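Note sheet for the following structure.
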Amino acid sequence: MKRLMLGMLLAVFLFTACALPPENPVTREELMRTGIYQKFVVEESPEQVLDMLNTYGEAILKGKRNIPGKDYLVDIKLLATAEGIEVLDYDR
């Protein structure tokens, strides 16, 4: 009985921890409003980022801060939420 309850609890946790696609697809306009292509130098095109966001609900990009003469490498995490796109950046 305890194993069954533990297994069900683990399954619920795993399913809720996964990234899910957004209910409403993210548009290119919403992506551009975040300003990631002005703040960072990113290799992925907006279409590739939109595909990741609309398929998985999140996108993790490698880039660098857009500061001339400086190379500050960052990882950029985009999350498609009901309120819009959330942008988090982390130094590498």
Problem - Looking only at segment 51-70, and only at residues there that are in contact with a Phe, Trp or Tyr (Cβ under 7 Å, 6 or more places away or on another chain) and not charged (D, E, K, R), the one that is surrounded by the most Cβ atoms within 10 Å (Cβ to Cβ) - result: 63
Handout entry: Evaluation of residue 73 against (1) exposed (fewer than 14 other Cβ atoms within 10 Å of the Cβ); (2) touching an Asp or Glu at 6+ places or on another chain (Cβ under 8 Å); (3) within 14 Å of residue 20 (Cα to Cα) (one fails), failing number
Key = (3)
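Throughout, read-outs are computed from the coordinates displayed, never taken from laboratory work. Computed from a prediction, not measured in an experiment: that's the story for all the values here. Heads up, the Cβs are rebuilt from the backbone with ideal geometry, glycines too, and the neighbour counts pull from every protein chain shown.
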